[in-house]
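Report on one structure; see the data block that follows.
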Amino acid sequence: MVLHVGGAESVHAVYLNDRFVGYGTDSRLPSEYDITDFVTPGGTVDLAVVVVRYSAHSYVEDQDQWWMAGLHRSVHVEARPLVHIADVVVGSDYDPATGAGAVVATTDVAFVNAAQAGWTVRTTLAGPTGARVGRVQQAAVPADFAVPYLFTGHKVHARWQLPTARPWSAETPDLYTVSCELLDSRGRVVERAHQRLGVRRVEVRDRQLLMNGRPIWVFGVNRHDHHPDRGKAVTAADIRTDLEVMRAHNITAVRTSHYPNASVFYD
């Protein structure tokens, strides 16, 4: 069982049934806690999240914004298998001269207990229309980590070469979907994960910012999580409204260097 605290300003401490679980010190990144040993089936759970308004981190977070302490992002509990998908990292490239593209995906598998052989990851790529692109790729999850200088993690890699790709741009935001399935030694699907990405190439050449070989203009502004009624506690609908208003005023870029935004913002 994992407790997810999306954000709390400035620092927070977590207690379950009056037992200290842990604390988080980054108000703009999720903090996750393994609470398996703190809960019992059918038992009552008393959760307390103590938020400290001022801390040693307050000065670091002293940006051009209103200081509003408290829980400002979602809090939820989820159950994860002992062997599960920890992360899926995807990347892409596009050649504007030939129209060819490439997609790469790395699935990171986590073992709560000792790593076991026999686990595999099956990875599939779908195009913007939902149709499968290329072949389904399946590979074993590395389990032998007692190899000096060689072990790079329980990671499975997949790669596709696309002779003709549909490139992502602001005008045609076509997205591909990478789907990963974690299979046990019997071939049963334990968990699935999906990641969307655009096939594109971003580069700086001759002092110009190029998207798929073409120069683009960047009209950007800062943005904070802020709502006139709920303060820092903004919803996905609030974020979408912000972006729609910005786009209506010909803003094409958002500066997020103040702090990491909620994951829904990037979606």
Distance in Å, no decimals, from the C-alpha centre of the stretch 71-109 to the one of the stretch 18-46 is 25 Å
May I ask what percent, to the nearest 5, of DSSP beta bridges between residues of the stretch 196-264 are antiparallel? 70 percent
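Taking the Cα centre of the chain as origin, sum charge times position over the Cβ atoms of Lys and Arg (+1) and Asp and Glu (-1), and report the length of that vector in debye to the nearest 20. It would help to have the intermediate numbers written out before the result.
On the way: 26 positive and 29 negative charges, 191 e Å.
So the magnitude is around 920 debye.
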With θ set to phi - 60° and the Karplus curve 6.51 cos²θ - 1.76 cosθ + 1.60, what are the ³J(HN,Hα) couplings of the stretch 200-216 in order, to the nearest whole Hz, using x for Gly and Pro? 7, 10, 10, 8, 10, 9, 6, 6, 10, 8, 10, 10, 6, x, 10, x, 10
Protection proxy ranking of 98-106, 12-20 - average other beta-carbon atoms within 10 Å, highest first: 98-106, 12-20
Among beta bridges assigned by DSSP with both residues in the chain, the antiparallel ones amount in percent, to the nearest 5, to 95 percent
Measure off 7 Å from each Cα along the Cα-to-Cβ vector at ARG188 and GLU244, then give the distance between these two points in nanometres to one decimal. 4.5 nm
Average accessible surface area per residue within the chain, 1.4 Å rolling probe, Å²: 61 Å²
Share of the stretch 183-222's accessible area from carbon and sulfur, percent, 1.4 Å? 45 percent
Relative contact order [Cα under 8 Å, 6+ residues apart], the chain, whole percent: 16 percent
Extension gain THR25-VAL104, at 0.36 nm per residue separation less the Cα-Cα distance, in nm? 25.1 nm
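If you add up the charges near ARG200, with Lys and Arg at +1 and Asp and Glu at -1, over every other residue whose beta carbon is less than 14 angstrom from its beta carbon, what do you get?
Taking every other residue near ARG200 into account, the sum is -1.
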Extension length gain for ALA48 and THR252 (0.36 nm per residue less Cα distance), in nm, is 69.3 nm
Place a point 7 Å from the Cα of SER169 along the Cα-to-Cβ direction; which residues of the stretch 203-225 have their backbone N under 11 Å from it? 211-216
Between ALA131 and ALA97, what is the FRET efficiency for a Förster distance of 22 Å, r being their Cβ-Cβ separation, to the nearest 0.05? 0.30
Roughly speaking, what is the centre-to-centre gap between the stretch 175-250 and the stretch 138-174 when only Cα atoms are used, to the nearest Å? 19 Å
Give the residue from PRO142, ALA8, SER31 lying farthest towards the positive end of the charge dipole for the stretch 1-155; charges sit on Cβ (+1 for Lys and Arg, -1 for Asp and Glu) and the dipole is referred to the Cα centre. PRO142
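The values are calculated or read from the model by the stated rules, or taken from the named source; none is laboratory data. Bear in mind that the values here come from a model prediction, so they are computed numbers and not experimental data. Positions of Cβ are backbone-derived with ideal geometry, glycine not excepted, and every protein chain shown enters the neighbour counts. Ligands, DNA and RNA are excluded from the accessible area calculation, which covers all protein heavy atoms including side chains. Shrake-Rupley method; radii C 1.70, N 1.55, O 1.52, S 1.80 Å.
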